[in-house]
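Since the structure comes first, as structure tokens, the remarks are kept for the end.
The values are calculated or read from the model by the stated rules, or taken from the named source; none is laboratory data. Please read these numbers as outputs of a predicted model, since none were measured by experiment. Using ideal geometry, Cβ is built from the backbone for each residue, glycine included, and neighbour counts are taken over all protein chains shown. Areas reflect the complete protein model, heavy atoms only, side chains present, ligands, DNA and RNA absent. Shrake-Rupley method; radii C 1.70, N 1.55, O 1.52, S 1.80 Å.
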Amino acid sequence: MSDEPVTGVQSILPEGTQPTPMLPKGLKRVPSGVDQLATEHLILNVGPQHPSTHGVLHMLVELDGEEVIAAEADIGFLHRGIEKLAESRRYHQMGTILDRADYVSGFHTETAFALATEKLAEIEVPRKASWIRSLVMELNRCASHYVWLGPVGMDAGAMAPFLYLMREREMILDVLEAISGSRMMFNYVRPGGVVRDLPAGIDAPLRAWLAIADKYLGETEDLLGGNEIFRARMKGVGVIAPETALAFGMSGACLRSSGIDFDLRKARPYCAYGEIDFDVPLGTVGDAFDRYKVRVEEIHQSVRIVRQLLDGMPEGEHTSKVAKALRPPAGEVYAAVESPRGELGIHLISDGGPTPYRLRLRSPAYYNLGVADELLAGGLIADMIVSLGSLDIVLGEIDR
Amino acid sequence: MPAQRVADILAAAGVPSAPSDELLGAVVRLEASRVADALAALLAEGFDFFLDLFGTDTGEAIELTYHVRALAALDDVFLKVVVPYDGEAPSVWRSYPAVLHAEREAAELLGVSFPGHPNPKRLLTTEGCDPFLRKSVAVRSAEEVRLPRE
Amino acid sequence: MSLFLAILLRFVGLVALLLVNGVVLIYMLRKVLARLHLRIGPNRTGPWGLLQTTADVAKLLTKEDLRATPTDRLLFNTAPYLVFVPAFMAYIPIALSPVLVAAHLDTGPLFVFAVLSMVPLGVVMAGWASNSKWSLIGGMRAAGLQIAYEVPLLLSALGPVMIAGSLDPLRIVAAQSGTWLGFIPRWFVLPQIVAFFIYAIASQAETQQTPFDMSEAESELICGFSNEYGGMRFGFLYLAEFSNMFIASAVGTLLFFGGWQLPWVATPLWLAPIVFIVKVYIGIYFMMWARGSLPRFRMDQLLGFAWKVLIPVSLVWVVLSGVVIRLVSR
């Protein structure tokens, strides 16, 4: 590595000193975790039982006073071996375990798996099934963003917005329950289509939500984004430069808030997204406030998408004929959807048997969390909580 | 991007590889020891987005798949290397820091190692867990699991 | 004998006031926050959930007194009292009416601020003795916060005191009787509007409520300095917080809102304590409102705000009002 260019302080190192190899673009330090032998600093264990770790995340934090010197995400407290379990499940049974991976937006994992299976087994999907999938995914995205927006306010100390957003989320969950029969563990999207058609009369509760969604969200925006204290807490905190976001493979709103325009719904349209008109909001600075703004705007866009999907819902079958004991030919495929957290991919390897040979879940939050080491160092404890919250981590999906 | 183009890029960097276009996309197979050089070459060619690293137990060895993408051109490339059980592949974190967690995960769940990793600890499981993504490790119920006691 | 009886009566009266206040305020906080949050709040124990806090107090009193082994026994056990006793002492000069006061002190507000400035000592002690990193950080934060906000708190009280020309609560209230121009009550909040806002902000910080609830900071420090406390020791820390809320609002009422006096009409003696308590609770309601709707400051922003904004502004305001008062009184 000695032929690599030497930069900064290292260029004035005394003769004979070995320069450290250059760091990858976007990194300030070698992500070697917390030095637990540095006794002059305080080592703080944040979590796994802590109000603001959004599940069972354990952050190992090295503190100097209140300043974070180094931080390390320790995950795995929710590891259920979903990838291993998937190897013993048939294709139509997979929804039950995949819902439990990203439990906040199960439809996205289900759809990614269905898309992968359909690609592998060459199954045609009726147009209506694609539209229903898009509809439930967008509803799920709003529900998921509500569950992000509320707690990030709580991380900053504001309790009220969380409970206001729960009210809207409840309306969505009621709709999703009417559609799929479950509020969170849907098991509704299957290879070939969806389990059953949209129920009659689903229009009314959906339109009721559409009528208030923008207005109520605007109120929450006033309460959070319009508040000086909230702005002071979020602006300039947890800044992720575009190259840092790329270096850590971040995707979704975290990547877009750094100013990189990448949304799978636009880049590789799947389901009904090719026929729908919507915008992809982008950030400029890449701080926590940008991530807040991008996600709020995404909810507005989702409302727009749901309205179009509802107006243009095609007639027809909700699923194509698929054998119960599906045996896709041997092969390997990758299919991905834009989940609320980013690119959620299913990498499926089949050996021609009734169960997948290997199923890999490319979890967006897993990669988004990878930036923690780089992101949190240098901030205060309070910044750490806000930065971590702004990444939108879901531990079920990270640990799998 | 056809797999042959990727193989040409790698050949220019001095890494021999076997390209093939599959249902998956452009797949390039190469020696495990050269994967760090190969990925460094791809990064320099604009493959700026690292998606995933995971391992598969093929029954004879562990196959590691590196998935990278050129965001601007939307080209996906899958690099596949084969390492023996308990074998090793060089850590590629200096090209793609995103791989840090994925390497730790692959190391513990498949029993391979990644020399050069800055923080080579276990990630998801505790000390003493089997590398259970190997086919030889059966799915067991909670009652059957016995962690080694001191 | 009668002297002893009088002291005993006052003591019992103060304890009763403090305890009743605590119980009512906790219930009120729960209900007010619930209303702000679109929730219902306690509604199961007793009519409208009225007995919820009583049940909680009973629970806290009967809980096992636990202390983690690595804690410092002496400091850990003393700290709650060091927090609670000043909060209790601060009730002494609070005059509910011209006659209803535990002890008539010529330096009422000063006494209150003086005893309350002992609270951070207990908080730091609790944080340190807990032998927990979270508690320690919480305690340090509380100390930094209270020291920073005590200065503007004291300075903001200077304005009304200068107008009244006395530190005696009775004379401060008396100076606020009558009206200006026949219809504006002579409450000091009008001429001292800047001082009032400084007082409101600083007292919110002194009572450690949401935009300034650094030492607790639930989403950061879990429960701050009171992390390791349970049972009635926690009860004392909690009760002190609510009693401080009452004190802050009561002193504010005395200084800025005419104490026990009704505007425009003379207040009968029997009505005075009720008027006073109602005014205090209106003040507390506003404190809870802020608590329910605002996010929390960061520690450095908070200290910066105190030292760079509040203190200079209050200093300038003191000088300005001094000059004006001198000119007017000529």
**Message:** I'm told A:HIS108 meets every condition in (1) away from chain B (no Cβ under 13 Å); (2) touching a Pro at 6+ places or on another chain (Cβ under 9 Å); (3) assigned to a strand (DSSP E or B) except one. Can you identify the failing condition by its number?
**Reply:** (3)
**Message:** I'd like to check which strands (runs of 3 or more DSSP E) are fully inside the stretch A:305-397 and have at least 1 residues that are open to solvent by 10 Å² or more (accessible area, probe 1.4 Å) and touching a residue at least 12 places away in the same chain (Cβ under 8 Å).
**Reply:** A:331-339, A:342-350
**Prompt:** Looking only at residues in the stretch A:162-220 that are within 23 Å of the chain's Cα centre (by Cα) and among the basic types (Lys, Arg), which one is nearest to A:ARG133 (Cα to Cα)?
**Reply:** A:ARG190
**Asked** Within the stretch B:61-74, is even one residue over 17 Å from B:MET1 (Cα atoms), in contact (Cβ under 8 Å) with a residue 40 or more places away in the chain and away from chain A (no Cβ under 13 Å)?
**Response** no
**Asked** Out of all the residues in the stretch A:237-246, which are within 11 Å of another protein chain (Cβ to nearest Cβ) and part of a loop (DSSP other than H, G, I, E, B)?
**Response** A:VAL237
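Can you pull out the residues in the stretch A:149-167 that are open to solvent by less than 10 Å² (accessible area, probe 1.4 Å), out of contact with any His (no Cβ under 8 Å at 6 or more places or on another chain) and in a helix (DSSP H, G or I)?
Initial filter on the stretch A:149-167 (open to solvent by less than 10 Å² (accessible area, probe 1.4 Å)): A:149-150, A:152-153, A:155-156, A:158, A:160-161, A:165.
Restricting the remaining residues to those that are out of contact with any His (no Cβ under 8 Å at 6 or more places or on another chain) gives A:149-150, A:152-153, A:155-156, A:158, A:161, A:165.
Once the filter is applied, which keeps residues that are open to solvent by less than 10 Å² (accessible area, probe 1.4 Å), out of contact with any His (no Cβ under 8 Å at 6 or more places or on another chain) and in a helix (DSSP H, G or I), the stretch A:149-167 yields A:LEU149, A:GLY150, A:VAL152, A:GLY153, A:ASP155, A:PRO161, A:LEU165.
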**Prompt:** Pairs under 8 Å by beta carbon, first residue within 11 Å of chain C (Cβ to nearest Cβ) and open to solvent by 40 Å² or more (accessible area, probe 1.4 Å) in the stretch A:51-67, partner in a loop (DSSP other than H, G, I, E, B) and modelled with pLDDT under 85, six or more apart or different chains?
**Reply:** A:PRO51/C:ILE222; A:GLU67/A:GLY378; A:GLU67/A:GLY379
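In the stretch A:253-300, how many are of a type in the set (Val, Ile, Thr) and either open to solvent by 40 Å² or more (accessible area, probe 1.4 Å) or without any contact (Cβ under 8 Å) to a residue 12 or more places away in the chain (or both)?
Kept after step one, since they are of a type in the set (Val, Ile, Thr), are these residues of the stretch A:253-300: A:260, A:276, A:280, A:284-285, A:294, A:296, A:299.
Next, from what is left, pick out any that are either open to solvent by 40 Å² or more (accessible area, probe 1.4 Å) or without any contact (Cβ under 8 Å) to a residue 12 or more places away in the chain (or both): A:284-285.
Summing the residues that are of a type in the set (Val, Ile, Thr) and either open to solvent by 40 Å² or more (accessible area, probe 1.4 Å) or without any contact (Cβ under 8 Å) to a residue 12 or more places away in the chain (or both) in the stretch A:253-300 gives 2.
State whether the residues of the stretch B:85-100 include one that is closer than 26 Å to B:VAL139 by Cβ and either aromatic (Phe, Trp, Tyr) or in a strand (DSSP E or B) (or both).
Just the residues of the stretch B:85-100 that are closer than 26 Å to B:VAL139 by Cβ, to begin with: B:85-87.
Of the ones still in play, those that are also either aromatic (Phe, Trp, Tyr) or in a strand (DSSP E or B) (or both) are B:85.
Checked against the condition, which is being closer than 26 Å to B:VAL139 by Cβ and either aromatic (Phe, Trp, Tyr) or in a strand (DSSP E or B) (or both), the stretch B:85-100 yields at least one hit.
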**Asked** Just checking, which of C:ALA195, C:ALA129, C:ALA143 is closer than 19 Å to C:GLY224 by Cβ and modelled with pLDDT of 85 or more?
**Response** C:ALA129
**Request:** Go through the stretch A:73-86 and give me each residue that's more than 22 Å from A:PRO151 (Cβ to Cβ) and facing another protein chain (nearest Cβ under 8 Å).
**Result:** A:HIS79, A:GLY81, A:GLU83, A:LYS84, A:LEU85
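Could you list all residues from the stretch C:28-51 that are away from every other protein chain (no Cβ under 14 Å) and open to solvent by 40 Å² or more (accessible area, probe 1.4 Å)? Let's see the steps before the verdict.
Let us first name the residues in the stretch C:28-51 that are away from every other protein chain (no Cβ under 14 Å), namely C:28, C:31, C:42-51.
The answer is C:LYS31, C:ASN43, C:ARG44, C:THR45, C:PRO47, C:TRP48, C:LEU50, C:LEU51.
Quick test for you: out of C:LEU145, C:LEU167, pick the one residue that is open to solvent by 50 Å² or more (accessible area, probe 1.4 Å) and among the aliphatic types (A, V, I, L, M). So that I can check it myself, show each step before the final result.
Values: C:LEU145 fails: open to solvent by 50 Å² or more (accessible area, probe 1.4 Å).
Testing whether each residue is open to solvent by 50 Å² or more (accessible area, probe 1.4 Å) and among the aliphatic types (A, V, I, L, M) leaves just C:LEU167.
Results for (1) open to solvent by less than 40 Å² (accessible area, probe 1.4 Å); (2) of a type in the set (Gly, Ala, Ser); (3) over 30 Å from C:ALA58 (Cα atoms), shown as yes or no for each residue.
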residue	(1), (2), (3)
C:PRO263	yes, no, yes
C:PRO273	yes, no, no
C:PHE276	yes, no, no
C:GLY283	yes, yes, no
C:MET287	yes, no, no
C:LEU303	no, no, yes
C:LYS308	no, no, yes
C:LEU327	no, no, yes
**Prompt:** For residues in the stretch B:30-53 being open to solvent by 50 Å² or more (accessible area, probe 1.4 Å) and of a type in the set (A, V, I, L, M), which is nearest to the other protein chains (Cβ to nearest Cβ)?
**Reply:** B:LEU43
**Request:** Consider C:PRO263 carefully, then state whether it is in contact (Cβ under 8 Å) with a residue 24 or more places away in the chain and touching a Gly at 6+ places or on another chain (Cβ under 6 Å).
**Result:** no
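Grab the strands (runs of 3 or more DSSP E) fully contained in the stretch B:14-76, keeping just those with 3 or more residues being over 24 Å from A:GLU343 (Cα atoms). Steps first, please.
Details: elements: B:17-22, B:25-30, B:49-57, B:62-70.
Output list reads B:17-22.
State yes or no: is A:ARG127 touching a residue at least 24 places away in the same chain (Cβ under 8 Å) and open to solvent by 40 Å² or more (accessible area, probe 1.4 Å)?
Numbers: touching a residue at least 24 places away in the same chain (Cβ under 8 Å): yes; open to solvent by 40 Å² or more (accessible area, probe 1.4 Å): yes.
So A:ARG127 fits the description; yes.
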**Message:** Which residue is surrounded by the fewest Cβ atoms within 10 Å (Cβ to Cβ), if the candidates are limited to the stretch C:84-119 and must be part of a helix (DSSP H, G or I) and in contact with a Ser or Thr (Cβ under 9 Å, 6 or more places away or on another chain)?
**Reply:** C:ALA114
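Would you check which residues across the stretch A:247-298 are assigned to a helix (DSSP H, G or I), more than 15 Å from the chain's Cα centre (by Cα) and within 21 Å of A:GLY389 (Cβ to Cβ) and list them?
Looking only at the stretch A:247-298, we keep the residues that are assigned to a helix (DSSP H, G or I), and these are A:247, A:253-257, A:264-267, A:273-275, A:288-298.
Retained after the next criterion (residues that are more than 15 Å from the chain's Cα centre (by Cα)): A:247, A:266-267, A:273-275, A:288-290, A:293, A:297.
Selection gives A:ALA288, A:PHE289, A:ASP290, A:LYS293, A:GLU297.
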**Prompt:** Limited to the stretch A:68-103, what total is found for residues that are open to solvent by less than 20 Å² (accessible area, probe 1.4 Å) and part of a loop (DSSP other than H, G, I, E, B)?
**Reply:** 5
**Request:** Go through (1) within 11 Å of chain A (Cβ to nearest Cβ); (2) touching an Asp or Glu at 6+ places or on another chain (Cβ under 7 Å); (3) open to solvent by 10 Å² or more (accessible area, probe 1.4 Å) one by one and return the number of the condition B:PRO2 breaks.
**Result:** (1)
**Request:** Provide a single number: the residues in the stretch A:104-122 that are within 16 Å of B:LEU24 (Cα to Cα), open to solvent by 10 Å² or more (accessible area, probe 1.4 Å) and out of contact with any strand residue (DSSP E or B) (no Cβ under 6 Å at 6 or more places or on another chain).
**Result:** 3
**Prompt:** If we scan the stretch A:29-43, do we find a residue that is modelled with pLDDT under 85, within 11 Å of another protein chain (Cβ to nearest Cβ), over 21 Å from B:VAL99 (Cα atoms) and touching a Lys or Arg at 6+ places or on another chain (Cβ under 7 Å)?
**Reply:** yes
**Complete:** Filtering the stretch B:108-132 down to residues that are crowded, with 20+ Cβ neighbours inside 10 Å and among the charged types (D, E, K, R) yields B:GLU108
**Asked** Only one of (1) within 14 Å of chain A (Cβ to nearest Cβ); (2) over 24 Å from C:LEU33 (Cα atoms) fails for C:VAL189. Which number is that?
**Response** (1)
**Request:** Might you let me know whether the stretch A:212-232 holds any residue that is within 14 Å of chain B (Cβ to nearest Cβ), under 30 Å from A:ILE398 (Cα atoms) and surrounded by fewer than 17 Cβ atoms within 10 Å (Cβ to Cβ)?
**Result:** no
